[in-house]
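Accompanying notes for the structure given below.
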Amino acid sequence: MTVGTIASDKARQVAQEVCQQHGATRDELIPILSDINRQLGYLPAEALDEISTQLKIPKSQVLSAASFYSMLSTQPRGRHVIKFCESAPCHVQGGREVWLALQDQLQLKSGETSPDDRWTLETTSCLGQCADGPVILVDEDIYLNVTPDQLSGILAKYK
Amino acid sequence: MIAEQRIVTERLGIIDPQKIEDYIDHHGYEALRKVLTGMSPADVVDVIERSGLRGRGGAGFPTGIKWKYVSKTPGDQKYVICNADESEPGTFKDRLVLEGDPHTIVEAMIIAGYAVGASVGYIYIRGEYGLSQKRFSHAIRQARQNGYLGEHILKSDFNFEIHVHSGAGAYICGEETALIESIEGKRGEPRTRPPYPTTNGLWNMPTLVNNVETLANVTAIIRNGAEWYHAIGTPSSAGTKVFTIFGKVNSRGFFEVPMGISLRQAIDTFGKGMASGSTFKLAQTGGSSGSLVPPDLLDIPMDFDSFKAGVVMGSGALLICDQNTCVVDLARVLLNFFRVESCGKCNPCRIGNMRAQTILNGIAQGIGTMKDLENLEMIGRYLYEMSNCGLGQTAGSPLRDILTHFRPEVEAHIISKDCLAGVCAMSGQPALV
């Protein structure tokens, strides 16, 4: 097992529980995927397999939905996920400088996970906080009006 | 001096959004009572149609006509969907309403259900709007406890239920048929229209899809009448519009005014002028799919028809840029957005946006050619003419706008390898990848 992946029996068990909670019907597929992603940090292949069994729909259709939405991941990610808003409003309001500083401090590029598994760096489209850009999202915490010199303080909060 | 007139945002900051009593004290559920005690469904549709209300998601389709289509389509089960997948960059008006006055949307959805003959409603709230989802779910529970939602609403024969559906991160799900696909548990890929959702919507049944801001006008229209509403705004676009303003201005935030305000008035009055050291260069209006507006269009009154003069009102987002914004760099950011958010279903959009971004990257690196400009124009035209949905059809707007309004600045990148704003990598600074 590599660092960060979820054991297959646990993935199946969580998938089973979540399907039962929501009711195993097709229109619950995206809420089910979102819930599992929240609990496990990503969607392991075994979980997708279990959803396919529970909902009685082809695996291809489960993967097709799972791979479409940006808040869902089919790959393991770091303990903390940083999302930087790359849309035009943040870009114009100083986002470009924040993005360069963020990549520099983490020594990561977009989509990469740090070797110690602490961080995954991603870009995101507009988060709807544009009067207070630049905006970054760390896990569930949103940071507004971010400047490059605030980054080290923000990052230090997450171990 | 332009003054605010608040209809959509009238209760924001005034009521406690978590208390239904506060909402009721401020005319809450009065419109629903009026509808259920003295109006037929056809009366309600008629009032909305005569009010001149147009869809606030950006396209401006007449709301009353949509309601009439759904009401006249036979169907054993019809649906009302509130589109709260607000993802247009720069737009957060719907979030403010859902967070600050959720009951107005609950009430409007029930009224819409009564008008079109639907007993089930869905609200599709984007996954990133956690607080909106929480506030709205709370409002639904309170409405149910107080007899406004569920069976025999206000002791009438009308039943209505609302379900909250969370998005999972996809701009395209703001397109109504992609949104419907997503509720059905699929990838958010737009369907081919026609047929429209008014006849073949959720689970192939007649479905009314309205934006949050559109619905936020409904209760006031029912209470105050169609004539009152129609007298506000411009002849083609009745009512008010919520704008969001940010960028290089002194004051950033939202404001609601009658339709017809110009960009200059918006910047001076609500942006409190350009920021110190900033000179107006362009505004990006209506979100990424809107328009890039040069200084000579600052006085065009903005409404649903002002796109004909080159100023798209769209969702009401106003991004104000100064001399430090490079048009090539900005277009690169905008096309990157469309490349990332394209669902990939149709070729012109999937390939066109990627090609356009690659070409713009080249120009920003100082390796562009004049032939590139012809290709950008061609890609923009193909996107508009051949894409399946609104995302692809509008994705070429930034290309068209920079080449129409800022051609010399773009050409300088190619001919003299010069980025006037000093932003592009050729000027010695790294560029956003």
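The values are calculated or read from the model by the stated rules, or taken from the named source; none is laboratory data. Nothing here was measured: the structure is a model prediction, and the numbers come from that model. Note that each Cβ is placed from the backbone with ideal geometry, even for glycine, and that neighbours are counted across all protein chains shown. Only protein heavy atoms, including side chains, enter the accessible area calculation; ligands, DNA and RNA are left aside. Shrake-Rupley method; radii C 1.70, N 1.55, O 1.52, S 1.80 Å.
With angles folded into 0 to 90 degrees, how steeply does helix B:63-72 sit against the dominant principal axis of chain B? Use alpha carbons for both and round to 10.
The answer is roughly 50 degrees.
Averaged over its residues, how many other protein chain Cβ atoms are within 10 Å of peptide A:89-99's Cβ atoms?
Averaged over the peptide's residues, the number is 6.
For chain A, find the longest principal axis of its Cα atoms and tell me its angle to the long axis of helix A:8-22, 0 to 90°, nearest 10.
80 degrees
From the cross-link list A:56/B:186; A:59/B:186; B:281/B:371, which pairs have alpha carbons spaced over 21 Å apart?
Numbers: A:56/B:186 14 Å; A:59/B:186 13 Å; B:281/B:371 26 Å.
Pairs exceeding the cut-off: B:281/B:371.
Would you calculate the volume per residue, in Å³, of the smallest convex hull containing every Cα atom of chain A?
With only Cα atoms used, chain A gives 117 Å³ per residue.
Given labels modelled 7 Å from the Cα in the Cβ direction, how far is it in nm from residue A:112 to residue A:145?
In this crude spin-label approximation the distance works out to 3.2 nm.
Residues of the range B:173-194 with accessible area at least 10 Å² lower in the all-protein-chain context than alone (1.4 Å probe)?
B:182, B:183, B:184, B:185, B:186, B:187, B:188
Can you figure out the FRET efficiency of residue B:381 with residue B:264, using R₀ = 41 Å and their beta-carbon distance, to the nearest 0.05?
Efficiency, rounded to the nearest 0.05: 0.85.
Only Cα pairs under 8 Å and at least 6 apart count here; give the relative contact order of chain B as a rounded whole percent.
Value for chain B: 16 percent.
What percent does the relative contact order of chain A come to when contacts are Cα pairs within less than 8 Å and at least six residues apart? All intermediate terms of the calculation are to be shown ahead of the outcome.
Details: 226 pairs, mean separation 31.4, N = 159.
Once divided by the residue count of chain A, the mean separation gives 20 percent.
Could you give the accessible area per residue of the range B:20-230, probe 1.4 Å, as a whole number in Å²?
34 Å²
Kirkwood hydrodynamic radius of chain B from all distinct Cα pairs, in Å? Intermediate results must be reported in sequence, preceding the final value.
Values: mean 1/r = 0.0445 Å⁻¹.
Roughly 22.5 Å, rounded to one decimal.
Quick one: with all protein chains in place, what share of the accessible area of the range B:327-427 is carbon or sulfur, to the nearest percent (1.4 Å probe)?
Accessible surface attributable to carbon and sulfur in the range B:327-427 totals 54 percent.
Taking only protein heavy atoms into account and a 1.4 Å probe, give the accessible area per residue of the range B:327-427 in Å².
Working: 4170 Å² over 101 residues.
Here the per-residue accessible area is 41 Å².
Grab the beta carbon distance between residue B:72 and residue B:228, set R0 = 30 Å, and tell me the FRET efficiency rounded to 0.05.
Once rounded, the FRET efficiency stands at 0.70.
Please give the contour-minus-distance gain from residue A:155 to residue A:45: 0.36 nm per residue of separation, less the Cα-Cα distance, rounded to one decimal in nm.
Values: separation 110, 0.36 × 110 = 39.60 nm, distance 3.05 nm.
Contour length minus Cα-Cα distance gives 36.5 nm.
Enumerate the amide H contacts of residue B:247 below 5 Å, restricted to partners 5 or more residues apart or on another chain; note that Pro and chain-start residues carry no placed amide H.
The answer is B:320.
Percent of accessible area on the range B:238-322 owned by carbon and sulfur, 1.4 Å probe? Write down the numbers at each step before the final one.
Values: 1230 of 2380 Å².
Looking at the range B:238-322 in its full context, I get 52 percent from C and S.
Ranked from the most accessible area to the least, with a 1.4 Å probe and all protein chains present, what is the order of B:152, B:413, B:163?
Descending accessible area places them as B:152, B:163, B:413.
When we measure straight from the Cα of residue B:19, which lysines land under 27 angstrom away, once same-chain ones fewer than 8 places off are left out?
Once the sequence-local lysines are set aside, what remains near residue B:19 is B:34, B:93, B:134, B:155, B:241.
Rounded to the nearest 100 Å², what is the sum over both chains of accessible area buried where A meets B, with a probe of 1.4 Å?
That pair hides around 3300 Å² of surface in total.
Kindly report, to the nearest 10 Å², the accessible surface of residue B:302 as traced by a 1.4 Å probe over protein heavy atoms only.
0 Å²
Given points 7 Å out from each Cα along the Cα-Cβ axis, report the residue A:17 to residue B:369 separation in nanometres with one decimal.
For residue A:17 paired with residue B:369, the spin-label model returns 6.1 nm.
Per residue of A:80-87, what is the mean number of Cβ atoms on other protein chains within 10 angstrom of that residue's Cβ?
Rounded to a whole number, the mean comes out at 3.
So if we plug the beta-carbon distance of residue A:8 and residue B:351 into 1/(1 + (r/R0)^6) with R0 = 41 Å, what FRET efficiency do we get, rounded to 0.05?
Values: r = 38 Å, r/R0 = 0.92.
That gives a FRET efficiency of 0.60.
For labels at residue A:56 and residue B:5 in the simple 7 Å Cα→Cβ model, what's the distance in nm?
5.7 nm
Can you tell me the orientation of helix B:102-116 relative to chain B, as the angle in degrees between its alpha-carbon axis and the longest Cα principal axis, to the nearest 10?
70 degrees
Take every Cα pair under 8 Å in the range B:238-322 that's 6+ residues apart, average their separations, divide by the length, and report that relative contact order as a whole percent. Provide the component values of the computation, followed by the final result.
Numbers: 182 pairs, mean separation 29.1, N = 85.
Reported as a whole number, the value is 34 percent.
May I ask for the distance between the Cα centers of the range B:37-107 and the range A:100-159, given as a whole number of Å?
Taking the Cα centre of each part, the range B:37-107 and the range A:100-159 sit 37 Å apart.
Quick check on the protein assembly as shown: what are the equivalent-ellipsoid semi-axes from the Cα gyration tensor, as sqrt(5λ), descending, whole Å? Walk me through the numbers on the way to the answer.
Details: eigenvalues 272, 201, 99 Å².
Output for the protein assembly as shown: semi-axes of 37, 32, 22 Å.
Just counting partner chain Cβ atoms within 10 Å, what average do the residues of peptide A:29-39 show around their Cβ? Don't skip to the answer; put the middle values down first.
Details: counts 4, 14, 5, 1, 2, 5, 1, 0, 1, 0, 0.
Shielding by partners across A:29-39 averages 3.
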